[in-house]
Every structure is written in structure tokens, then in C-alpha cells.
Amino acid sequence: MQFAATYPLAQIRRVQIYNNIKRYRETELDKILQETGGSFVFGGPIFLSDLSACCHLKGDGVVYGAPDYQVWGMAWGADAQDYAMERLPCEADNYVECVALVVEGEPLAAPHYQPDMGGRRPRQAIGTKEGRFAYLVTQTPYTPEELRDVLAAAGWDSAVMLDGGGSVCYRDRAGNGFVCDADRVIPYYLVVHLADDVSEPDTTGGQYVVTAQSGLNIRKGPGTSFDKLGGYSYGAVVAVQAVRDGWGQTDRGWVSMDYLWPVEAADEGLVTDTGLRIIQEFLPAGADNRPGGSNPDTYITIHETGNFAKGADAAAHAAYLRSSSAQAAPVSWHYTVDDHSIYQHLPDCERAYHAGDGGSGPGNATSIGIEICVDSGGNFEQAKSNAASLVRLLMAKHGIQLGHVVQHNHWNGKDCPKTIRATAGAWEAFLALCGGQGFPQDTDQELKAAVDALAAAGIIDSPERWMALDFTANSVRLLLIKMGRYVTH
């Protein structure tokens, strides 16, 4: 379960640092809402065993935490209209600090935190998105770095992680919420007071792709307090008619804009022949890892990500490419494919930094780069199948021949795609998935010799089909039966 939203500052009357001197437990958040008149409440920054603040913390002019260092945090005045990220301590009436994740639109390469704050656990964060107040409270376990990437991918301009684990909790006036540790007493909560009036909808609409892997809830109104009406599946394209307070109105109800990404081009090639929709998440114009320059699209280069970490899927790599680390490298490619999705990061007609042969090398300058995810827990065979469907689409779209579908190794000798290269016959099998009927018969002399020998022995018919790797599971079954009979007689 999670709660997340953004609000224009004009709709926020107050963001309150609540000093829990009454020692309310997480199961008593309703009492805090009744006492303060707030709209919703969630957990605050980390604290010491004696329940004192250990980070920079100030509420209504009262300083609760004043460590001897300067750091990025969120600060605001009495009415939160100047809510923004600042260097703390500062003169603002309110501020909070814990672990900065995104500063001035840039995900921090190495967020600073104590070891006991690491690992995967429920998380909560506050920040800004397009100048709006933003928050996330989730039971989904993330490491700080994973949370950073999620928020950066959602477009947050600034983000500060608050306390995690058992301190993660949420409650709103409609009774929605959860607790992670019912018996825990949190010394400082954040209470958000929303204005009673609701701003008129922004009529800006458009086509968006659902990026929530578990699907996106549809609600009766613009907020988590409204009843659910159904949902949109991951990768679905949604027509948003109007936007209000971070929520989009569709023909079926309201959805959170935090889990929608604009479709940047009306392109018939957005769907593969297997029905897999490509999510376009282009790198910003002018990014250091978006070199520009024209690409004639004469080759397709196949890579593997080499990242075996659990959760290192296409969405995670899309977030990485938008990070300062990828820009500093610089590194980029056109598509990332996993076992359930395809992300596009650059238009096909642009160059990228993926082939390792220099900014103007033929690999970077003439080929479309595809990275196949090898993440732990993912289905690599399905990822290869999805990649092959993308290759088929690109071959048809740009008139690329199968002989111009090459490995990263082709351009600079790197052992990539490593897993495929390490498996006998895997590259040929992948090309067959891509449409191997036109596979040249003289490409693999060892295969040709084997096919000729089996044909001469009468074990196989149609050797040209076997050379093209154009076979089915049943044809392999029949081959094995014939081979068995041959060696036993």
C-alpha cells in the first residue's frame, strides 16, 4: 500500500511539524488529525532512542534539532507558500532534513546516510515536483538509492527521504492509511493542512503511458480518499482530459499523474507484433549523454545491461540514464528491454553513446542500441524474446537487414552481450527469433558442416531451414527421435 500526491502550494494552508509530546502511537494518528484539524499525517525524520531529533528540524520557529553541519532539506514559512529545498539551517519558520535524494532536479549519485538507514524497507519522502508540494509514503521496500531513482523517474525536482521501516505510517481524514509498527511512538510527525476550496481543473490533457508496474488505480475523484473504480494496467496508454492537483481525469475516472508518463510522439511503431507497448521516456534535450547528430539507422546493436541486481529492470535503467552519473560517463542507448516492458530513451534517428567506438564511430553513429536486462529475478529468455520483437519492428520500420543486427562486440571487441555470447548457439537462436529466414548459410561453417552431415545421413530434411535456424520445438523433437534411432541401429 502507498499514498502519494502533489499539491499546488496555493492549496496548502500549512505544513505542520507536530511535536508529539502526548506520545501518540502510530495507531492513534486519528487523534492527531482531530487535534490539529489537518488533512493527512505521516511520519517524520529519524530520531534517537530518547526520542530527540538528531537531524535539522524546526517547527513554528522552535528548533528541535541542530547538528553541527550544513545539508540540503525542505524549508517553508507559516503558510508553506515559499516551500522549497534550502541549505539548512536557515531562517525559515519550518524545516526538516534526513537524507537528500534529489537536489535541483539532479539525483544524488551517493546519498549520505548512516548504515542502519540502508537496506530495503518501507519508505517515506517529501519534496517538490514542478513547484508543487510532493510526498510519498509506501510500504514497498526500497533502498535509499532505489527510492531516489523512483522519485527522479517520477519527475521530482527535489526529494528528502524521511525515517523508514517501522516509522512509516499514514492517515487521512477519510480514514485511509496504514502503520508499519502499531506500538511505535514517533516524536515528530508531518501534518498537512489543505485549503477547503479546490482549484479549477487545468484543462491540459494528452496521451500518457502508465508506469506503475502493479497497475494504476482509477478513483471517483482527485485523491486517494475517493473510492476505487478499477484500474489501468502497466504500459496502457491513457487519454487524460484534464489535470487537477496532480490528478488526471479520464473517461473512466481520476488517476494519479505521478504514475503517468507523456507519450512524446504519435508513432505507429509504439507496439511490437506481440502487443508490447513501448514506453517513450526520452532524455532531456541538451543532456550530456544525448549527443545529437543524425543516425541513418543502418545497424541494430545488441547489448546486455550487465546489472544482475534484483529490480534492475528497464524502468530502473531509464531512471539511471536520466541521472548525473550517466551524463558524466557519458553513456546512453536507444532502448532497454526486460521481461515485461520496453523503454525508449532516444529517437531512432539520433546518435547515442553505446558502442564504445568514439563519438563519431560507426557503432554510435549508424546503429540503434538495444540493452537487454539480466536482472536477478527477471526472465532472461522472455527478455530476449521481447528484444527480438523490438528488432523485428525496427527492421521493418527502417529496412534493416538481419545481417546488420550485430553484437556490441562487433564494434569494439567487448565481450557483450556476455550471457548470449557465453552460450553455444544462443546468438544464432536470437537471430532466428528476430526473423532468421534470411540468415546467410555461410555465416557459421561449423553449423553448415553439421547440417550437411545430418542431411547426408538422412536424419534431417530441408537443410536450408536448419541453416536458417527456422525450426519449431516439434521439429527438434523429431530430430532427436531420428538421431536416437540412428545411433541405436
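The values are calculated or read from the model by the stated rules, or taken from the named source; none is laboratory data. Computed from a predicted structure; not experimentally measured. So basically every Cβ, Gly included, is an ideal-geometry build from the backbone, and we count neighbours across all protein chains shown.
Of the conditions (1) closer than 23 Å to residue 317 by Cα; (2) free of Cβ contacts under 8 Å to residues at least 24 places away in the same chain, residue 54 satisfies every one except a single condition; which number is it?
All conditions pass for residue 54, except number (1).
Report, by residue number, each residue of the stretch 1-25 that is surrounded by 16 or more Cβ atoms within 10 Å (Cβ to Cβ) and closer than 25 Å to residue 63 by Cβ.
9, 12, 13, 14, 15, 16, 17, 18, 19, 20, 24
Tell me, please, whether a residue that is aromatic (Phe, Trp, Tyr), at pLDDT 95 or above, in contact with an Asp or Glu (Cβ under 9 Å, 6 or more places away or on another chain) and outside any loop (DSSP other than H, G, I, E, B) can be found in the stretch 337-350.
Checked the stretch 337-350: no residue is aromatic (Phe, Trp, Tyr), at pLDDT 95 or above, in contact with an Asp or Glu (Cβ under 9 Å, 6 or more places away or on another chain) and outside any loop (DSSP other than H, G, I, E, B).
Quick one: what pairs do we get from the stretch 304-325, first residue assigned to a loop (DSSP other than H, G, I, E, B), second of a type in the set (Lys, Arg), C-beta under 9 Å, 6+ apart or different chains?
Between residues of the stretch 304-325 that are assigned to a loop (DSSP other than H, G, I, E, B) and residues that are of a type in the set (Lys, Arg), the close pairs are 306/418; 323/148.
Mind checking whether some residue in the stretch 307-316 is more than 27 Å from residue 2 (Cβ to Cβ), crowded, with 18+ Cβ neighbours inside 10 Å and at pLDDT below 90?
no
Given the conditions (1) in contact (Cβ under 8 Å) with a residue 40 or more places away in the chain; (2) more than 14 Å from residue 170 (Cβ to Cβ), and given that residue 5 satisfies all but one, which numbered condition is not satisfied?
(2)
So residue 101 clears everything in (1) closer than 23 Å to residue 68 by Cα; (2) within 19 Å of the chain's Cα centre (by Cα); (3) at pLDDT below 95; (4) not basic (Lys, Arg) except one condition, right? Which one?
The failed condition is (3).
Checking the conditions here, which among 41, 96, 63 is surrounded by 12 or more Cβ atoms within 10 Å (Cβ to Cβ) and modelled with pLDDT under 95? Steps first, please.
On the way: 41 fails: modelled with pLDDT under 95; 96 fails: modelled with pLDDT under 95.
That would be 63, the only listed residue that is surrounded by 12 or more Cβ atoms within 10 Å (Cβ to Cβ) and modelled with pLDDT under 95.
Taking the stretch 60-91, which residues are assigned to a strand (DSSP E or B) and under 33 Å from the mean Cα position of the chain (by Cα)?
71, 72, 73, 74, 75, 76, 84, 85, 86, 87, 88
So for the stretch 455-478 (the condition being among the aliphatic types (A, V, I, L, M), part of a helix (DSSP H, G or I) and at pLDDT 85 or above), does at least one residue qualify?
no
Among the residues of the stretch 381-411, how many are within 17 Å of residue 296 (Cα to Cα) and small (Gly, Ala, Ser)?
Qualifying residue count for the region: 3.
Select the strands (runs of 3 or more DSSP E) contained entirely in the stretch 1-59, then report the ones holding at least 3 residues which are over 30 Å from the mean Cα position of the chain (by Cα).
Result: 12-19, 57-59.
Might you check whether a residue that is among the aromatic types (Phe, Trp, Tyr) and modelled with pLDDT of 80 or more occurs anywhere in the stretch 198-220?
Here is the first cut: in the stretch 198-220, the ones among the aromatic types (Phe, Trp, Tyr) are 208.
Next cut, modelled with pLDDT of 80 or more only: none.
Within the stretch 198-220, none of the residues are among the aromatic types (Phe, Trp, Tyr) and modelled with pLDDT of 80 or more.
Being hydrophobic (A, V, I, L, M, F, W, C), more than 14 Å from residue 323 (Cβ to Cβ) and either free of Cβ contacts under 8 Å to residues at least 40 places away in the same chain or surrounded by 20 or more Cβ atoms within 10 Å (Cβ to Cβ) (or both) is the requirement here; does residue 180 meet it?
So residue 180 fails the test.
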